[in-house]
Structure formats: C-alpha cells, structure tokens
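These notes are about the structure you will find just below.
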Amino acid sequence: MKLTIIGTGYVGLVTGACFSEMGNYVTCVDIDREKIDNLKKGILPIYEPGLESIVLNNCKEGFLEFTTSLNRAAKGCHVFFIAVGTPPGEDGSADLTYVLEVAQQIGSVIEDYSVIVDKSTVPVGTADKVNAQVRKTLEVRGTAIEFDVVSNPEFLKEGAAVNDFLKPDRIIIGTDSNRARNLMRRLYAPFSKNRDKILFMNTKDAEMTKYAANAMLATKISFMNEISILCERLGVDVESVRKGIGSDPRIGYSFIYPGCGYGGSCFPKDVKALVKIGRDVGFTPRLLETVEERNTLQKQVLGDKVLHRFGQDLTGRTFTVWGLAFKPGTDDMREASSRVLITTLVNAGARVNVYDPVAMKQARKEIPAQEQEKIHFAQDPYLALDNADACLLLTEWKIFRQPDFKKMASLMKHWIIFDGRNQYDPDELKEAGFEYHGIGRELVC
Ligand SMILES: NC(=O)c1ccc[n+]([C@@H]2O[C@H](COP(=O)([O-])OP(=O)(O)OC[C@H]3O[C@@H](n4cnc5c(N)ncnc54)[C@H](O)[C@@H]3O)[C@@H](O)[C@H]2O)c1
C-alpha cells in the first residue's frame, strides 16, 4: 500500500518506518525542513533503539522517503496518517490546532476515496471534527470525494517504540465504515500474525481508550509514590512492600516502582487533558487531579531531600546528576524529573555535573542558558563525580546499575548517594561506606 504519514516525530517516524519494513511505500511529511533535510541524509531526529537501521534500509530500498510537501506525498495515495503533536493548552486541554490544520490540508489534496487515520492522542469527538474539517475543505474545492476518518491511537513506549510497533499488545481501530475496517485489517495483518490483536470499536471509544490507558498507568505510578512517602514516615522499606504487593497477580509488578515522578510527552499532558475533558462535561475527575498533583510533588522529593541533608544554601557545593532523560532508552527530556531537580540545585547556589548516555545533546537544547552556566556536561559517569558532595541517580540507564563504588568513593568529596529510582541495595552501599537516601527508604547509614 502507499501511505502518507503527516508529522515525523516519535510516532510518525516509527509508524512510517515500521509500515515501510512490511513492504508498504511510505512517505513521511513534516513542516520542519531541517528535520526532513537531516532524515534525507540519514540523520534521525530522535534516539530510539533499532530505528536507525530500519529507516536507513528502507530508504535505500525505496520503501521510505521524506518530504515537506504533502502535495507530492499525496499523489496516488489513499491512506493518510495524522501523527502531529497535541500539546497541552493553557487550561490543560489537548490543543487540536495541528490536527485540524492537517485535516484541512488533507482535504485539499485527496483525489479519490481516502482513509484518514488519526494516530495522535486526541479528545473524544476529534474524529468527527476531522471529518467536518475535511468535508468543509472539499466543499470549498467544489468536489464530493468520499473518505473515512479512523481513530487508531498509538501505544508505543519511547525507548522500546520499534518493538512495540512491530509486536503490539493490541491494535485499536475506531471506525463505523466497513470499507475502512477492511483496509485497516489488511494494513495491520503483518503485525497481528500469531493472534488477532485488532480490536474494532467506534471512533469515540478508540479515542477514550488511549486516554484511559495512560491515566491508568500514571495512576499506578502516583499510587506507589504516595505509598513510598507513607513508608518513609513509618520506617518501612517500600521495596519490600513493592515486591509484596506486586506478587498479587491482580496488582502485578509493572508500573509500581517508586521514583521521582513520571515525565515524557504523554502521561503529564494526557492526564491533564482527561481532567479537562471531564470538567467540560460537568464532572471533576478527582482521582486524576490527585494523580497529577502527586506527580508534581514527587518531582520535588529528591531536591527536598538534598536541601534537608545539606541545608537551604548550596553555595560552594557540587552535585552529580546521573541521567537526564525522562526514562532510559530515549533522549526525550520533555517533563523529565531531572529538569526540576537541576533547577532546585542551581537556584540554591550549587554547581551540577551531569551525565546521560544519550540525552546530553537534547539537554543542551532544553535547559535554559542561565542554568547551563552552573552545569558541567561530563564525558563519562565517573568524570561527573569529580569532587561531588553527592551523586543523584535520576534515570535508571543500565550503565548506572552496578557502578564501581570504590571508584566513586575515590572521586567524590562526600560519599552520599540519592537514589531517585531505588536501583541500589542500601546494605551494599553501607558496606562500601556510603550514606544512602532512596525513595521511600530513608536509610541513612
Ligand atoms: N511520543 C510518544 O511516545 C507517543 C506515544 C503515543 C502517542 N503519542 C501521541 O502522538 C502524537 C505525536 O506525538 P510525538 O511525540 O510524535 O510528537 P512530536 O512532537 O515528536 O512530533 C510531531 C511532529 O509533527 C510535525 N508537524 C506539526 N504540524 C505539522 C503539519 N501541519 N504538517 C506536517 N508536520 C507537522 C512537527 O514538526 C513534529 O515533527 C501526540 O498526540 C502524542 O500524544 C505520542
């Protein structure tokens, strides 16, 4: 099939690359000329394991191409994916400006029956808005071309996006049209070989499924973070509690790791958007409001622990931050906990040495210049420890899992670790002579 993907970010690029891998002819479109020029040269805008080789191979074989011209991409194409951003507006609602702009552009280029697939995360009722926008554009053109709008939310996880797309748990397709249903079934057949993973429903159900999934995962995280605070106050080790409750299959082990808050481009914005969606229909989703509030507070927990340990004035002190990305496997810094922590440290007068295996370039772009004056971007994790008063673990990259504690001790001024992801064994650290502060396990040795 010939496909056009509009919006070549995390979702658009992974979607386009993986469909091209199955033998479809895919054109990815973006308005960001620099991004498209780089992709044409084989330079990817994001770090995502396994993505580069799929992109490069399929470009070489002629299955995948990049352009800034939707007109060019649309020639002979009948399937259009919308994968542009839906950032939060000031009131928390999902901003549909880009989605509706693209709907208008699609309406102006389609030549024949087309299926317009919405992959962006959008509020309930957006497929109807896209439909109305395309219809309006066709009316202006004076044509009556048939089309269907399908809601096909994306569930990939950054850091494992390629694998998630190629081997999805489920494929949600929202449509009332048999014609579109059949086309989507054919398109997704290669990803649904070992069992039928496609769940058909109407567009509104599909739109809501995406928000409900993210809200559930965010709730699990905030729940466990709240339990971790209780544990700390009660002198209970939250890691024992995590294992104790995770072994119950009704609860499960995933998404109950205490930490310093969730980040990224999805959970924070989608929880906020769902709260707004509720308010707009006269209902206040109190649980979700609290999930978001707990997360905001959680991002401050590690900084508060540092201030409690060293005092409010950190002038003359140096801290090491290991990990900048919002989670391992990605260079995405959007809403990362490291941002909040670094601001707290810098505002209190500290200098900060940072190291992340892939997000350093992104961090230089996103951290304000004024803050960067107090930040040293180190070449490796150990160089970042030079004369440090404490080391703070923010992202649980594998490289930080089993560090050489002796080497750390030889480099640091004070042997103190703030473990924002509960990666280390406090007993092992105690033996190595370190003072340990974890999340929900304030075991000062
Ligand atoms: N990132 C994720 O892990 C993830 C996962 C599932 C769903 N989503 C959802 O998918 C959507 C896209 O997210 P993302 O992270 O890929 O965003 P992104 O910001 O990485 O990419 C969006 C791209 O769209 C481009 N764009 C904007 N307007 C355009 C236009 N008129 N024509 C062509 N290109 C245009 C931008 O230049 C940008 O490159 C969002 O709704 C998001 O919530 C994201």
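Think of the chain as a dipole: +1 on every Lys or Arg Cβ, -1 on every Asp or Glu Cβ, centred on the Cα centre; then among GLY159, SER93, GLY125, GLY125 lies furthest on the positive end.
Among the listed pairs LYS243/LYS407; LYS167/LYS398; LYS40/LYS398; LYS167/LYS210; LYS365/LYS398, give every one whose C-alpha distance is greater than 28 Å.
In this structure, LYS243/LYS407; LYS40/LYS398 exceed 28 Å between Cα atoms.
Cα centroids of region 43-104 and region 386-431: 40 Å apart.
Rg over Rh for region 232-289 works out to 1.11, using Cα positions for both radii and the Kirkwood form for Rh. Equivalent ellipsoid of region 304-346: semi-axes from √(5λ) of the C-alpha gyration tensor, largest first, are 23, 9, 8 Å.
Across the alpha-carbon set of region 361-426, the Rg to Rh ratio works out to 0.98, Rh being the Kirkwood radius.
With the Cα gyration tensor of region 223-343 giving a ≥ b ≥ c as the square roots of its eigenvalues, does the rule (a/c under 1.5 for rounded; else a/b larger than b/c for prolate; else oblate) give rounded, prolate or oblate? It comes out oblate by the Cα gyration axes.
Near the amide H of ILE198, within less than 5 Å, lie the amide hydrogens of ILE171, all on another chain or at least 5 residues away, with H placed in the peptide plane. Take region 35-84 with all the other protein chains still there, run a 1.4 Å probe, and you get 48 Å² of accessible area per residue. Between the C-alpha center of region 341-369 and that of region 307-330 there is a gap of 9 Å.
For region 117-226, applying the loop criterion from DSSP together with a ceiling of 15 other beta carbons within 10 Å to the trypsin sites (Lys or Arg not before Pro) yields LYS157, ARG170, LYS193, ARG195, LYS197. Distance from the Cα centre of region 120-159 to that of region 176-226, in angstrom? Taking the Cα centre of each part, region 120-159 and region 176-226 sit 17 Å apart.
With a/c under 1.5 counting as rounded, go ahead and sort region 79-215 into rounded, prolate or oblate using the C-alpha gyration tensor (a ≥ b ≥ c being the square roots of the eigenvalues; past the cut-off, prolate if a/b is larger than b/c, else oblate). Since a/c reaches 1.5 but b/c is at least a/b, the shape of region 79-215 is classed as oblate.
Amide H contacts of LEU3: TYR25, VAL26, THR27, each under 5 Å away and 5 or more positions distant or on a separate chain (H built 1.01 Å from N in the peptide plane; Pro and chain starts excluded). Loop-resident trypsin sites (Lys or Arg not before Pro) (DSSP state other than H, G, I, E or B) in region 1-98 with no more than 13 further Cβ atoms inside 10 Å of their Cβ: LYS41, LYS75. Counting Lys and Arg as +1 and Asp and Glu as -1 over every other residue whose Cβ lies under 12 Å from the Cβ of THR296, the net charge comes to -1.
What a 1.4 Å probe finds exposed on the chain is 51% carbon and sulfur by accessible area, rounded to a whole percent.
Starting from the coordinates of the alpha-carbon atoms of region 1-52, obtain the Kirkwood hydrodynamic radius over all distinct pairs and give the value in Å to one decimal.
11.1
Taken per residue, the accessible surface of region 348-434 reaches 50 Å², heavy atoms only and a 1.4 Å probe.
Taking all Cα-Cα distances within region 141-270, those exceeding 26 Å account for 41%.
Kirkwood's formula applied to the C-alpha pairs of region 1-160 gives a hydrodynamic radius of 15.9 angstrom. Convex hull volume of the C-alpha atoms in the chain, normalised per residue: 158 Å³. Using only the C-alpha atoms, the convex hull of region 298-422 corresponds to 91 Å³ per residue. Considered as an equivalent ellipsoid built on the Cα gyration tensor, region 340-385 has semi-axes of 17, 13, 8 Å, the largest given first. Working from Cα pairs under 8 Å separated by at least six residues, relative contact order for the chain is 12 percent.
Of the GluC sites (Glu not before Pro) found in region 165-273, none is in coil by DSSP with at most 15 other Cβ atoms within 10 Å of its Cβ. Amide H contacts of PHE319: ARG351, VAL352, ASN353, ASP389, each under 5 Å away and 5 or more positions distant or on a separate chain (H built 1.01 Å from N in the peptide plane; Pro and chain starts excluded). Where both bridge residues fall in the chain, DSSP classifies roughly 5% of the beta bridges as antiparallel.
The values are calculated or read from the model by the stated rules, or taken from the named source; none is laboratory data. Just so it is clear, the structure is predicted and the values come from calculations on it, not from any experiment. Positions of Cβ are generated from backbone atoms using ideal geometry, with glycine treated the same way; all protein chains shown enter the neighbour counts. Just so you know, the surface numbers come from the protein's heavy atoms only, side chains and all, with ligands and any DNA or RNA stripped out. Shrake-Rupley method; radii C 1.70, N 1.55, O 1.52, S 1.80 Å.
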